[in-house]
């Protein structure tokens, strides 16, 4: 059996798991602080882990804020706060299930601490990495310990100085999209822009929408708040003239799957992950790029320029990427 640790920030890590899991021939048990996702195969066990970043109160009334509890161990780790019951409970749960289920491997997407913990448990460990300058001590430790490292983008697209010493264990899968293999959708006859996700602040969002509308564009926005989320954005992505999106790994893979003309807005993320990805896309001619402080007028100009692009998204290697990750994971099993 394979274990799979799903980080709870955002939706990208769980989306990747949902894309890869159907390609696995080995039974899976997943660990996460997130609730079980809708649509997950009923055969997959989902173990909810205790939260480890909340402020807690002890029986004697003492209040513990994990941010004040030496969570980085003087820079050696990313998150392991002293005395936090949730942190202790989540690792204990992983250890218990690993023993009870006799796990053969643990995929970690993502956590340097869980990679180290899994290896200390004697598990074959697959670390999922992300773009950006990840040369800090916790990442270096995780990469050194992992039996396999999965980079879900095409080889050579993004500089990866943290992986230079570990090339023999890195598998470059290409971008992993839940939409790989979906049938194409005819493009709108009118000029249309899709604002995908929470990529703009409210004021800029309103200004961009007004400016585009004045210039004859139909503007649709989804995913910028709870009320605008849609279960299946594929038809909107596939039929829009231009899609404006964040530069996260899953968003980019979804753009590639649809062959979209795109503008990616690099969000502020640790280790400059999205800026590295946006630079790569611009360098390969796959998408126009903007920073998260772009003005409404400038963004409208970038969108109108992108409408004339012809990106060769095949370079992002989305086709078969989920199956390639599944093969890489199962390849570490005895």
| request: With r as the distance between the Cβ atoms of residue 226 and residue 58 and R0 = 22 Å, compute the FRET efficiency 1/(1 + (r/R0)^6) and round to 0.05. | output: 0.05
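Taking the DSSP beta bridges in the chain as the whole, what percent of them are antiparallel, to the nearest 5? Could you put the intermediate results ahead of the total?
Details: 2 of 41 bridges.
So the antiparallel bridges in the chain amount to around 5 percent.
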| Sequence-separation-based contact order of the chain, relative, with Cα cut under 8 Å and 6+ spacing, percent | 17 percent
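Please state the relative contact order of the range 192-316 as a whole percent: Cα pairs under 8 Å, 6+ residues apart? Provide the component values of the computation, followed by the final result.
Values: 210 pairs, mean separation 32.2, N = 125.
This gives 26 percent for the range 192-316.
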| DSSP beta bridge pairing in the range 11-141, given as percent antiparallel to the nearest 5 | 20 percent
| request: For the chain, with a Gaussian network of springs between Cα atoms less than 10 Å apart, report the residue from 165, 151, 256 with the top mean-square fluctuation. | output: 165
| said: Using 20 Å bins from zero, what percent of all Cα-Cα pairs in the chain falls into each bin? | reply: 30, 55, 15, 0
| query | 222 nm [θ] for the chain, helices only, -39500 (n - 2.57) per DSSP H run of 4+, per residue, to 500? | reply | -9500 deg cm²/dmol
| Packing rank of 247-254, 273-280, where each peptide gets the mean count of other beta carbons within 10 Å, highest leading | 247-254, 273-280
| query | For the range 1-116, what percent of Cα pairs sit more than 16 Å apart? | reply | 62 percent
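Over the Cα atoms of the range 208-295, compute the convex hull volume and normalise it per residue, giving Å³.
On the way: hull volume 10.0 nm³, N = 88.
In the range 208-295, the Cα hull volume divided by residue count equals 113 Å³.
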| query | Translational D (Stokes-Einstein, µm²/s) of the range 126-221 at 20 °C and 1.002 mPa s when Rh comes from the Kirkwood sum over C-alpha pairs? | reply | 126 µm²/s
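All of the numbers you see were taken from the coordinates with simple rules; none came from a lab. This structure is a prediction, so every number in the text was calculated from the model and none was measured. Ideal geometry is used to build each Cβ from the backbone, glycine not excepted, and the neighbour counts take in all protein chains shown.
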